[in-house]
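Report on the following structure.
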Amino acid sequence: MILLEISQFLGRLHPLIVHLPIGILFVILLFELLGYKSRYSYLREGIPLLSWLLFASTLFAGIFGYILSLDGDYPGPLVSQHQWAGIILCILALGMALLQSDWLQQKRRLPVFVQTSLWVVIALLTTYAGHQGGSLTHGEDYLSLEVLREQQRPKPDSIEAALLYEDVIQPLLIRRCGQCHNEGKKKGQLSVTNLAKLLKGGKTGPALVPGDPEKSELIHRIKLDPSDEKFMPTDGKTPLTAEETTLLTWWVKEAGAAEGKSLASLEVAPEIRSIIAKQLGMEASNGIAATKETMEQLNIPAGLVEKADSTAIQQLKAAGFMVRLLLREPELLDITLPEGTKVDWKALEPSLGSLSKHTIWLNLGGNNLTENELQVLPQFTNLEKLRLHNNPLGDEILPKLEPLQRLEAINLVGTRITEAGLAKLKSAGTIKRVYYWEPSVK
Amino acid sequence: MCDSHTSQKPSGWSPDLDQLQKQLDRRRFLTRTAMGLGSIALGSLMGNTLLGKSISKIATEDASLSLEQEILQAIPHLVPKAKRVVYLFMSGGPSQFETFDYKPKLLDMFGQPLPDSVRQGQRLTGMSAGQAILPVVPSIYKFNQYGKSNTWVSELLPHTAQVVDELCIIKSMYSEAINHDPAITFFQTGNQLPGRPSIGSWISYGLGTDNQNLPSFIVLVSKNAVKDQPLYARLWGNGFLASEHQGVQFRAGKDPVLFLDNPEGYDGEDREEMLQSLKELNTYQNEGNKDPEVEARIAQYEMAYRMQTSIPEVMSVKDEPDEVFELYGPDSRDPGTYAANCILARKLLEKDVKFVQLYHQGWDHHGSLPAGMAKQCKDTDQATAALIKDLKRRGLLEDTLVIWGGEFGRTVYSQGKLFPDNYGRDHHPRNFAMWMAGAGVKAGFSYGETDDFSYNIVKDPVHVHDFQATLLHLMGIDHERFTYKFQGRRFRLTDVHGKVIKGILS
């Protein structure tokens, strides 16, 4: 048993050891080429020793590689090609080492350029074998120009717009399982790169059974005890998180393990939605997501276009208003007219009107306003906070407040509103907080 | 000045090269060239034009600058609740025992040593670590329940008790620092070591100003307090943010800002013209240097000019009726006192100054705590409550957040000898009480619990970074998305910590 484990351990060292002959070979090539310059010709003297080292390291790499091929779950033809490339390299290395030996050098001396070209051939063969080795470890499509040209699905704008399989599940599976289960590597003959391959499954049958997570091998395997031999991902790789497991199970069970389904078409429980949001990278900190869903929960007026009229904002600012953004999508505004600012209300009415729906806070305090100036006020139907304090306004303003159905707080400090007017205001509508107080004047 | 400048220019100098040298520091040069060369190599490797555009983009764009703007342009991240903040900083570490954390069980334990099971080997300061016993001492002052919320408040705070239904008291605050300076610095800047921007500076940087004529971050320090522990201007400093975001400290006295009046014999008529020319000269000079400090100075000259008219108006309490002074208490007629500063704060908030911070020192009662606390509370209680009442009746509490608190709490045991009527308390960062009121927080609410000794938190701990995260949250900022890059790394007010305390949000 222990012997077996040692051999397994040594086998796994193969990918490490193979870099030794590669490095030595490159040094040999460097010395060989530099040797053409008389200044560096002494370097050639090191090549015979390096050749022996090359042979020894190639031999070891080969033996370890053979051990690895015994227990590794690698596709046959590629392994045997790689194996033969290794054996040939080993023989060539031995040949080169012998060629350089004093004994042979005395008998027959090869022309220098022939020797160089032999090294180049060996280097090329090494490159070929190395590439095959890489393909065995990472999958055949790991290092190919196709990767560069691959079209990435554009990131969806919102959770609703996302496709469940294409945008969430597929990237998740490829990220977490694709290192071993891809088109090139296919451990257990399973590839997770697309849905058809998943339904077809691998050695142990279909990986997914739509609607039935219990029978789905993939779900079964990731839910096993991590110490179980069949637990995936194997070999001590990081297990899937509880959230990822929940999401995959839900996808198989509730969403029928199907592709092409948008999230808008599905009934998604809040906890699943938050997992999906996280997977899509749409979740902001502490669950304060900047997504549209949460905006609805934040009581944002419906039917707003995203952007407020920017020329109107410029006009108001030029007239002395302070316009502050309270939210970006959709744009919600806080408009303040600083105390004692004289403005031409008639001229600004169109601008104020066009921003009225976007404005949720409005402060017009201390500007000597009467009902006449505030003709535009009833248009501000999305207002939540309104400050009209310190203006000579009486009860005649009250009808103008009636359309403001979302108004929560109104400040009427220092106005001429009567007790009766206040009572009327408090009894009607949604207003929760009315501030009224008559400041004493010195 | 300009002449000497030109005469020293080395041979081969050209304005373009000079500009390039000033704008390309080592780090930016390395980043750009590495990224640029790398992507060019990749592009030619692939032999297609797919990346063509982005290469030229990388090569010409100043990536770090645009990211900074991107971060600012994403603010606000959510609809804010608070438009302004007034932070009443009680410097020195007010005792929670004689204010808000009522611990009746301690009355039976007077003088007994603090059980080890409570202390759990926690560190003490060097001031009391050598004490033979750590005798438990209850509050010498009585507590009563007030308001609809039936909140326990000490008899030292009769006025605050009247507004307790407006307060959201957090009894489970905790900090990491055990000494004053690191603890205050931690509270104000999110880091125990000096050098980071303070909360007000971050807010000024992130949200700008709502009043062009006043600084967005103003600091008032009470003159009528025992200056037992020092305060440094860096507590309201801008750190690595641009200088115009630093807190502007008003003097405690009759003239909060000096030199606003024109000198004798000058009517100030051509002031604006003079400043305009000065700005042109400064801008011209700075074209070569691109020094942000010069830009900050230009902005500050202009602010100072606008303050010449705005400050006398906002600072004058001549028009305040007697009733206001009666509300804030007798001290309020004496400029520079805590009470007078509270009136000033209200007036600044009325003008939409975004962040007003008051400091009142003298809460560091290692000895003679009963007398000390009585004095401190007397100096601040009425004005604090008056500020709440005044903001409330003016409708300003609707969108103003009021914060009251110190940098840490005090120990349950007496520091030094315990007398029946006299004791002291040492620093205790493991739990302490502070409160918030107004925009976005629950009113008449208590959050968090401590054990019977007010030594450990047993429910809902709130870290200093949590408090800061919540403060930013109420102002519409997600603290995790609000960063500033300095010396090659991104900084946040909350470092890599902090979570919004949802339990106190209304």
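A short reminder: the numbers here are calculations on the coordinates, not readings from a lab. Note that this is a predicted model, so its numbers are computed, not measured. Using ideal geometry, Cβ is built from the backbone for each residue, glycine included, and neighbour counts are taken over all protein chains shown.
How large is the dipole of segment A:2-138 about the Cα centre if only Lys and Arg carry +1 and Asp and Glu carry -1, each at its Cβ, rounded to the nearest 20 debye?
Dipole of segment A:2-138, to the nearest 20 debye: 640 debye.
Using the Cα centre as the reference, give the magnitude of the dipole from point charges on the C-beta atoms of segment B:135-222 (Lys, Arg: +1; Asp, Glu: -1; all else neutral), rounded to the nearest 20 debye.
140 debye
Would you kindly state how much longer the chain becomes between residue B:497 and residue B:368 on full extension, computed as 0.36 nm times their sequence separation minus their alpha carbon distance, in nm to one decimal?
That works out to 42.7 nm of additional length.
So if we plug the beta-carbon distance of residue A:112 and residue A:19 into 1/(1 + (r/R0)^6) with R0 = 30 Å, what FRET efficiency do we get, rounded to 0.05?
The computed FRET efficiency comes out at 0.60.
Which net charge results when you count Lys and Arg as +1 and Asp and Glu as -1 among the other residues whose beta-carbon is under 14 Å from that of residue B:342?
-1
Which Cα, out of A:210, A:242, A:199, lies furthest along the positive dipole direction of segment A:196-246 (beta carbon charges, K/R +1, D/E -1)?
Towards the positive end, the residue furthest out is A:199.
Looking at segment B:113-196, which trypsin sites (Lys or Arg not before Pro) are DSSP coil and have at most 15 other C-beta atoms within 10 Å of their C-beta?
B:123, B:142, B:148
Please arrange B:418, B:396, B:107 by counting, for each residue, the other beta carbons lying within 10 Å of its beta carbon, fewest first.
Result, fewest neighbours first: B:107, B:418, B:396.
What is the mean number of Cβ atoms from other protein chains located within 10 Å of the Cβ atom of each residue in peptide B:392-400, rounded to a whole number?
6
On C-alpha positions alone, give me the angle between the axis of helix B:464-474 and the longest principal axis of chain B, in degrees, nearest 10.
On a 0 to 90 degree scale, this one is about 70.
Can you tell me the orientation of helix B:338-350 relative to chain B, as the angle in degrees between its alpha-carbon axis and the longest Cα principal axis, to the nearest 10?
Around 50 degrees separate the two axes.
Expressed as an acute angle from 0 to 90° and rounded to the nearest 10, what is the orientation of the C-alpha long axis of helix B:180-189 relative to the principal long axis of chain B?
Taking Cα atoms only, the helix is inclined about 50 degrees.
Taking N as the number of residues in segment A:164-297, what is its alpha-carbon radius of gyration divided by 2.2 N^0.38 Å?
With N residues counted in segment A:164-297, Rg over 2.2 N^0.38 Å equals 1.08.
Just want the answer: with Cβ charges of +1 for Lys and Arg and -1 for Asp and Glu, which residue in A:425, B:373, A:50 is farthest toward the dipole's positive end in the protein assembly as shown?
After comparing all options, I get A:50.
Tell me, rounded to the nearest percent, the portion of alpha carbon pairs in chain A spaced more than 33 Å apart.
Here the tail beyond 33 Å accounts for 62 percent of pairs.
For residue B:88, which sequence-distant residues (separation of 5 or more, or a different chain) have an amide H within less than 5 Å of its own amide H, given hydrogens modelled in the peptide plane?
Close amide H contacts, sequence-distant or interchain: B:358, B:403, B:404, B:405.
Test of understanding: ordering A:185, A:200, A:357 by Cβ neighbours within 10 Å, fewest first, what list do you get?
Starting with the residue having the fewest Cβ neighbours, the order is A:200, A:357, A:185.
Select from A:186, A:230, A:424 the residue whose mean-square fluctuation is largest in a Gaussian network model of chain A (Cα-Cα springs shorter than 10 Å).
Comparing A:186, A:230, A:424 in the GNM, the peak value goes to A:424.
Please list the helices of chain A that count as membrane-span-like by this rule: a mean Kyte-Doolittle hydropathy of at least 1.0 together with Cα atoms stretching 30 Å or more along the helix axis, each helix being a complete DSSP H run.
Helices meeting the span and hydropathy rule in chain A are A:47-71, A:76-100.
Report the charge-dipole magnitude of the protein assembly as shown in Debye, nearest 20, computed about the Cα centre from +1 at each Lys and Arg Cβ and -1 at each Asp and Glu Cβ.
2420 debye
Which residues' amide hydrogens lie under 5 Å from the amide hydrogen of residue B:151, considering only partners 5 or more residues apart or on another chain, with H built in the peptide plane?
Sorted by chain and number, the residues that satisfy this are B:146.
Where in segment B:221-308 are there GluC sites (Glu not before Pro) that are in a DSSP coil and have at most 10 other Cβ atoms within 10 angstrom of their Cβ?
Hits after loop and neighbour filter: B:264, B:269.
Let me check I've understood the local charge: for residue B:169, count other residues with C-beta under 13 angstrom from its C-beta, Lys and Arg +1, Asp and Glu -1. What total comes out?
Taking every Cβ under 13 Å from that of residue B:169, the sum is -3.
Please find, in a Gaussian network model of chain A (springs between Cα atoms separated by less than 10 Å), the residue of A:106, A:132, A:115 whose mean-square fluctuation is greatest.
A:106
Tell me, B:475, B:274, A:232 in order of fewest to most beta-carbon neighbours within 10 Å?
B:274, A:232, B:475
What number comes out for the charge environment of residue A:209, summing +1 per Lys or Arg and -1 per Asp or Glu over other residues with Cβ under 9 Å away?
So the surrounding residues net to -2.
Most mobile of A:427, A:69, A:262 per a Gaussian network model of chain A (Cα springs, under 10 Å)?
A:427
Which residue, B:282, B:470, A:358, has the largest displacement toward the positive end of the dipole of the protein assembly as shown when charges sit on each Cβ (Lys, Arg +1; Asp, Glu -1)?
B:470
Strictly over 25 Å apart at the Cα level, which of A:307/B:81; B:83/B:392; A:342/A:426 would you flag in this model?
Among A:307/B:81; B:83/B:392; A:342/A:426, the Cα-Cα distance tops 25 Å for A:342/A:426.
Mind listing the phi-derived Karplus ³J(HN,Hα) values for segment B:391-402, rounded to whole Hz, using 6.51, -1.76 and 1.60 with θ = phi - 60°, and x for any glycine or proline?
5, 5, 5, 7, x, 8, 5, 3, 10, 10, 9, 9
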